[in-house]
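Please read the structure below before turning to the comments.
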Amino acid sequence: MKLTVHTNPAYEILIEDGCLQQIGRQAKVLLPKAKRTVLVTDSHVGPLYVQSVKEALEAAGFTVFVQAFPAGEQSKNLQTISSFYRAFAQAGLTRTDFAVALGGGVCGDMTGFAAATWLRGIPFIQVPTTLLAQVDSSVGGKTGVDLPEGKNLVGAFHQPALVLIDPQTLATLPETFFADGMGEVIKYGCIRDKAFFDHLCREDCRRWLPEVLFTCADIKRQVVEKDERDTGERAILNFGHTFGHALERVQHYSGLTHGKAVGIGMVLMAQLGEASGITAPGTATQIQSLLEQYGLPSSSPVRIDDLLPATAYDKKNSGSSIQLVLLKTIGECLTRDIPRTELSALCEALR
């Protein structure tokens, strides 16, 4: 299966078993002037796939340098980015060369940011190996790193040259990480596709995984094409993220993983919407049930009053207001700007 994302520049998403082995040939066609590449990966993914991807690139004539970092959100910081820059310098990457992100969302976000800022921008290829990265973070060109003050506060828009999604990599994914990715999968059903949401309820997604990957990537493609720089409709992709990112922050990025935090954030936002008369009654319960079906938590371990201060660092803040993404019903959403001073009162139903 193949999708073309019509951004500037445009690029393809290839979803196919074994497509990791195509990376050398694909890169040669896309980047004919390139001679060198830095293959960035983490300590979990590297032992599984680095050698085969490196050999595929070398077979196409590229000189390949490997840069690995400790897996986990804790590595998503400017110190790790500095190590990438040193690797790029030692490899002698020029503006016609490229980087490869082989791993999950943390790897893709950081490699993309390093590529966006090295020599003011070099190409990079996304090779996502986790469900969360395959359905969400590898598409759309958002790159960045975390600060102690909040998640993804430093970043850049930098579209990949290519996204290679190999469903076979998910077979080696520990169950907890597969469940983590389901937080973002369920999000797509919530904001745009009720039939997809209902299908997830009826049938285990592992039985129709390529279609799941395609549907999520296609929904994101449609939204990104209309709003590449996140100034309007793209905000709907952040459903559940206001409280989700706050959960991650108050736990210092070492508690709930991203997908689990977003899942809880979706429930909280649906409950808030129901209490405000915007969201159809029973929507939060539907989301909770589906999260639990896929092994995800559905209630917050942190009190709402402890979460609210962390939302001050949400990227959807604008002046004294914050933009909330709310559901009307499953498959239909809207955005609502409210003064930050009113957020606490609005959350009364969550206490």
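Descriptive notes on the structure:
- Calculated over the range 121-279: convex hull of Cα atoms, volume per residue (Å³): 130
- Gap separating the Cα centres of the range 317-347 and the range 31-57, nearest whole Å: 42
- Formal net charge of residues neighbouring Ala217 (Cβ-Cβ distance under 14 Å; K, R +1; D, E -1): -4
- Relative contact order computed over the chain (Cα-Cα under 8 Å; 6+ residues apart), in percent: 15
- Summarising the strand pairing of the chain, around 45 percent of its internal DSSP beta bridges are antiparallel.
- 0 to 90° range, to nearest 10: angle between helix 105-117 axis and the chain longest Cα axis: 60
- Alpha-carbon gyration tensor eigenvalues x 5, square-rooted, for the range 98-212, Å: 27, 15, 13
- Nitroxide proxy distance, nm - points 7 Å out along Cα→Cβ at Cys201 and Glu55: 4.7
- Once the Cα atoms are used to define both axes, helix 46-59 deviates from the longest principal axis of the chain by about 40 degrees.
- Prolate/oblate/rounded label for the range 1-149 (Cα gyration tensor, a/c 1.5): rounded
- Distance in nm between pseudo-label sites at Asn77 and Thr63 (7 Å out along the Cβ direction from Cα): 3.3
- Over the chain: helical MRE at 222 nm, DSSP H runs n ≥ 4 each giving -39500 (n - 2.57), nearest 500: -12500 deg cm²/dmol
- Direction-averaged projected area, Cα convex hull, the range 8-89: 6.6 nm², rounded to one decimal.
- Rounded FRET efficiency, nearest 0.05, which uses the C-beta distance separating Phe157 from Ser344 and R0 of 35 Å: 0.60
- Peptide packing for 336-344, 217-225 was compared via the average number of neighbouring C-beta atoms within 10 Å per residue; ordered from the highest value, the list is 217-225, 336-344.
- Packing here is the average count of other Cβ atoms within 10 Å per residue, and on that basis the peptides 54-64, 113-123, highest first, run 113-123, 54-64.
- Separation of the range 93-156 and the range 214-254, taken as the distance between their Cα centroids, equals 15 angstrom.
- For the residue pairs Lys54/Lys226; Lys54/Lys315; Lys2/Lys260; Lys260/Lys316; Lys35/Lys226, the C-alpha atoms sit more than 32 angstrom apart in Lys54/Lys226; Lys54/Lys315; Lys35/Lys226.
- Pairwise Cα separations in the range 222-328 fall into 5 Å bins from 0 onward with the following percentages, short to long: 2, 13, 20, 23, 22, 14, 5, 0.
- Projected label points at Leu30 and Asn317, each 7 Å from Cα along the beta carbon direction, are separated by 3.6 nanometres.
- Net +/- balance of residues flanking Gly121 in space, Cβ distance below 13 Å, scoring K and R +1, D and E -1: +1
- Anchor Lys142: aspartates and glutamates whose Cα lies under 14 Å away (excluding residues fewer than 8 positions away in-chain): Asp109, Glu225, Asp227, Glu228, Asp230
- Stretchable slack from Glu149 to Leu119, in nm (0.36 nm times residue separation minus alpha-carbon distance): 8.1 nm
- Fully extended contour minus Cα-Cα distance, from Glu12 to Gln168, at 0.36 nm per residue: 54.3 nm
- Each listed q (0.06, 0.09 Å⁻¹) maps to a log10 I(q)/I(0) for the chain, found by the Debye formula over equal Cα scatterers with no solvent: -0.20, -0.46.
FYI, it's all coordinate maths here, none of it is from the lab. These numbers were taken from a predicted model, which means no experiment stands behind them. Don't worry about glycine lacking a Cβ; one is built from the backbone with ideal geometry, like all the others, and counts go over all protein chains shown.
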